[in-house]
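The values are calculated or read from the model by the stated rules, or taken from the named source; none is laboratory data. If you're wondering where the values come from, they're calculated on a predicted model, not measured in any experiment. Here the Cβ positions follow ideal geometry from the backbone for every residue, glycine too, while neighbour counts run over all protein chains shown.
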Amino acid sequence: MNRINEFQSQDSNVKIAAAFRRAYKMAKNWKTWIWLPAILLSVLQLIVAINIQKIISFPTVNLAAYVTATTLLMIMASTIGKHTKINKYVGLGSNLQRLHDFNILGIGIKPSPIETPQSQINRLSKKWLDKNSQDRPNLSEWWPARVSELGKEKGIALCLLSTFRWETELRKKYGVVLAMIFIVATALSLFLMNSLNYRIEDYIVRILVPISPFLGLLLDEWLSNRTSIDTASKCSDQCFQLWQSSNVEISNELNQLSYSWSGYRANANPIFDWLYWTTQKVMNEDMIIDANALVDEALVQSQ
């Protein structure tokens, strides 16, 4: 037997879980503040570019220079925001989650107090729990309670497998949503080109370039998400092999997966909350990981 269920319900570890929830939420908030101006700018530029001749005499060359300069400024602002704000809070959330894994599962490398000061844990957890008090039961049961019926290595393997599989499926759904948005946006731009009888050069200057900040964000997000899917899928497959393994000592392999996952979490783009919450019920109903069935199977095999 292991003590995973006991450890994850301890108040100190619940606070750590609430703290990394808050850190990731802050990263998502900054991401929203980058995306919203890009979307609004794209729409505004599109409207101005199409109607500019009705507003003021504006040569096409000057229009192209204006739109291009504004677009470049937006791209630079989003890049700076990503590296100074989003990555900062993603890194903080990753360190806190690494501490959570170490305290409960006993794997990985424990972050130093400099990386995760207790005062910061207390402050972030209080902010999260004050606004999301209903989340406390979820945080105290981060992994299925029945993992404590298993041996130590098997219990850790099931927890990691659950995490990896969930992330893989969520990222796949997110990738589909991003691809569909990109396709729809491109199709609408071509429809607009046809409706306005634009030539290809007019389409590029008056439609494609104005909406490029939004399309650029979509493309960057989709490519980053593809990398995340590959990593999560590989970790999931390796963990499932360890779960099925008859070897008693798999702690080194589990630790290696934990190290890989820590690096993944520190670099993965945060997913908007609206997709997470809308897919959570469906994913649970589809039983991405049927913990009870896996526990029962493992207990039968151990007899």
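Of the residues 166, 142, the single one that is in a helix (DSSP H, G or I) and surrounded by 14 or more Cβ atoms within 10 Å (Cβ to Cβ) is 166. Do we find a residue being basic (Lys, Arg) and within 21 Å of the chain's Cα centre (by Cα) anywhere in the range 204-221? Looking for residues that are basic (Lys, Arg) and within 21 Å of the chain's Cα centre (by Cα), one finds none in the range 204-221, hence no.
When you scan the range 38-94, how many residues do you find that are within 23 Å of residue 20 (Cα to Cα), at pLDDT below 70 and touching a helix residue (DSSP H, G or I) at 6+ places or on another chain (Cβ under 7 Å)? Of the residues in that region, 1 qualify. Annotation note: Cβ proximity below 6 Å between a residue of the range 258-269 that is assigned to a helix (DSSP H, G or I) and a residue that is surrounded by 14 or more Cβ atoms within 10 Å (Cβ to Cβ) and among the hydroxyl-bearing types (Ser, Thr, Tyr) (sequence gap 6+ or interchain) occurs for 264/231; 265/94; 266/94. Of all residues in the range 100-132, those being over 18 Å from residue 251 (Cα atoms) and either among the β-branched types (Val, Ile, Thr) or not in a loop (DSSP other than H, G, I, E, B) (or both) number 16. Of everything in the range 14-40 that is surrounded by 20 or more Cβ atoms within 10 Å (Cβ to Cβ) and more than 18 Å from the chain's Cα centre (by Cα), the residue that is nearest to residue 209 (Cα to Cα) is 38. Remark: pairs (first residue in the range 1-29, more than 21 Å from residue 152 (Cβ to Cβ) and assigned to a helix (DSSP H, G or I); second residue modelled with pLDDT of 95 or more and β-branched (Val, Ile, Thr); Cβ separation under 7 Å; 6+ apart in sequence or on different chains) = 15/121; 19/121. Checked against the criterion of being at pLDDT 90 or above, charged (D, E, K, R) and surrounded by fewer than 18 Cβ atoms within 10 Å (Cβ to Cβ), the range 210-227 has at least one qualifying residue. Evaluating residue 299 against the criteria (1) of a type in the set (A, V, I, L, M); (2) in a helix (DSSP H, G or I); (3) modelled with pLDDT of 80 or more leaves one unmet condition, (3).
Within the range 178-190, the set of residues being surrounded by fewer than 16 Cβ atoms within 10 Å (Cβ to Cβ) and either aliphatic (A, V, I, L, M) or at pLDDT below 90 (or both) comprises 179, 180, 181, 183, 184, 185, 187, 188, 190.
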